[in-house]
Every structure is written in C-alpha cells, then in structure tokens.
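Report on the following structure.
The values are calculated or read from the model by the stated rules, or taken from the named source; none is laboratory data. Everything quoted here is computed from the prediction, not taken from an experiment. For neighbour counting, all protein chains shown are included, and Cβ atoms are generated from backbone atoms with ideal geometry for every residue, glycine included. SASA here: full protein model, heavy atoms, side chains in, ligands and nucleic acids out. Shrake-Rupley method; radii C 1.70, N 1.55, O 1.52, S 1.80 Å.
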Amino acid sequence: MDIKVEVLKTSLYLENITSAFLAKLIGIDNVNETYSFSNKGSALSFSQKIHLLIDVGALSKEDKNKFFTFLEIRNQFMHNINAESYEQCVSFLSGKKKFLLEYYTPEGPLDTETHLKLSIDKLSKDIVKLTKEIFDKIQVKVHYEIDNKVKARTYELLEGHLHPLKEELLKKIDNDESIELATKLLDLVNVYIRSAIKRSIQTVQQEINSGELKFKS
C-alpha cells in the first residue's frame, strides 16, 4: 500500500500544478470553480491534462516517453489490484521494465525490486522538473509574443500620431526647398523617437525580468 501512496502523492502534486497552470494560461483565476480543472466529476482526467500540457509545451520524444511511462505506472498502481510491488506493476507494461532498469544506474548491485523503486523515484522527480520547465518555456513564449505585440502597436500608434502633425507642419511651409528640408528633419526626428521608445521598452523589460519592477497580481 505504501508504494501506491507514494506514486499517488506524486501524481496528485503533478495534477494540481498542471491544473493551476493550464487554468492560468487561459485566464481562469479560481481553479476550484471550473468544470475542467477542479475536483468535480466533470473535470478532465490526469491523462487529458498531461496531454494538454504536452500539446502546448514542445516536449522531445524522450521526454514524452517519460511522461507516458509515469502515467502507465500510475494507472497500474491505482487501478490494478494485482500491482502490489514495482515488479508486479511493470510486468503488466510491455517494455517498461527494461526502460526503467536502464533509466537509473545504481552504484552497486541491487535486487530488481529496489532497482525499479529507485528508477521510478528518479522518474517521478524528473517528471516534476520537466513540468516546471514546460511552464517556463510557455511563459517565455507568452512574454515574447506580448512584447512583440506591444512594440508593434506602439510604433503603429506613433505613425498615426506623427503623420497628421507632419502634414500640418508642411502645409505651413510655402516653398519646395523648405518642404524638403522639413521632411528630412521630421524623418530624422521620427528615427530618434523610435530609438528612444525602443530603449525605454528594453529598460522596462529588464526591470521586469530582474524583479525591480513588479505588478500587483
């Protein structure tokens, strides 16, 4: 029973942080009130949540195999009454015993049951680490996309504000030579304004990344 409890604890921990992150990703603040991520009967299964996590996280083939192996082990311990030891558990999973024994290399000789336990312990820790890494990847991607959208919108607004000012100024000039000079001057000012905005955005981003500039949650 202790084996099942340990695997279940890791499974519940992963499911909780996965639910919280997926909910946050789509703009849900209170996970407990949702149909998909709460403890309600309508909630997505742990496997479905992991599949969603994989879909948005860009995992390698090797890392996907780790996730699915853990899910299979978890399902055997949770639903198979005959899976009372690590050896019994993997006996129901084709090819997983070899994978697990090769996954962890002991410093000295071990019996198979202990070797499998240490391998699954290592796998569990790696899964937790991978989950956090997926979150970090997605957050970086989201921040990058937001940053690009902010910059694009800022420059778009800048053009919109500068254009009527430029047209108004040129209307007040009454000769071609002055118009040409004013146009060049306005274009130069535009370049300097863009450069100043770019540097300002970069400074703000650095302050956010360093924690110097914080926002209320």
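No other residue among LEU100, LEU93, LEU130 is within 28 Å of ILE17 (Cα to Cα) and over 29 Å from the mean Cα position of the chain (by Cα) apart from LEU93. Among the residues making up region 84-113, those that are within 20 Å of LYS9 (Cβ to Cβ) and of a type outside the set (Ser, Thr, Tyr) are GLU84, GLN88, CYS89, VAL90, LEU100, GLU113.
The single condition among (1) in contact (Cβ under 8 Å) with a residue 40 or more places away in the chain; (2) open to solvent by 60 Å² or more (accessible area, probe 1.4 Å) that ILE26 does not satisfy is (1).
Looking at region 53-81 only, could you name the residues that are under 21 Å from the mean Cα position of the chain (by Cα) and either open to solvent by 70 Å² or more (accessible area, probe 1.4 Å) or of a type in the set (Asp, Glu) (or both)? Those that are under 21 Å from the mean Cα position of the chain (by Cα) and either open to solvent by 70 Å² or more (accessible area, probe 1.4 Å) or of a type in the set (Asp, Glu) (or both): ASP55, ALA58, LYS61, GLU62, ASP63, LYS64, PHE68. Can you say whether LYS98 is part of a helix (DSSP H, G or I) and not small (Gly, Ala, Ser), as far as the supplied structure shows? Answer is yes for this residue. Based on this model, can you work out whether TYR104 counts as at pLDDT below 90 and in contact with a Leu (Cβ under 6 Å, 6 or more places away or on another chain)? So TYR104 passes the test.
Based on what the data block shows, is THR18 under 30 Å from VAL140 (Cβ atoms), in contact (Cβ under 8 Å) with a residue 12 or more places away in the chain and buried (at least 18 other Cβ atoms within 10 Å of the Cβ)? When the stated conditions are applied, THR18 passes them. Only one of the listed residues (ILE81, ILE127) is closer than 19 Å to SER11 by Cα and without any contact (Cβ under 8 Å) to a residue 12 or more places away in the chain. That residue is ILE81. Consider region 124-154 and keep the residues that are open to solvent by less than 50 Å² (accessible area, probe 1.4 Å) and of a type in the set (Ser, Thr, Tyr). The one that is farthest from GLY27 (Cα to Cα) is SER124. Scanning region 86-116 for residues that are without any contact (Cβ under 8 Å) to a residue 12 or more places away in the chain and either open to solvent by less than 40 Å² (accessible area, probe 1.4 Å) or in contact with a strand residue (DSSP E or B) (Cβ under 9 Å, 6 or more places away or on another chain) (or both) yields a count of 1. Give me the residue from region 29-48 that is at pLDDT 80 or above and surrounded by 18 or more Cβ atoms within 10 Å (Cβ to Cβ) and, out of that set, nearest to PHE77 (Cα to Cα). Applying the filter and picking the extreme gives LEU44.
Only one of these is modelled with pLDDT under 85, in a helix (DSSP H, G or I), of a type in the set (A, V, I, L, M) and under 21 Å from ALA20 (Cα atoms): LEU53, LEU59, LEU71. Name it. Going through LEU53, LEU59, LEU71 in turn, just one is modelled with pLDDT under 85, in a helix (DSSP H, G or I), of a type in the set (A, V, I, L, M) and under 21 Å from ALA20 (Cα atoms): LEU53.
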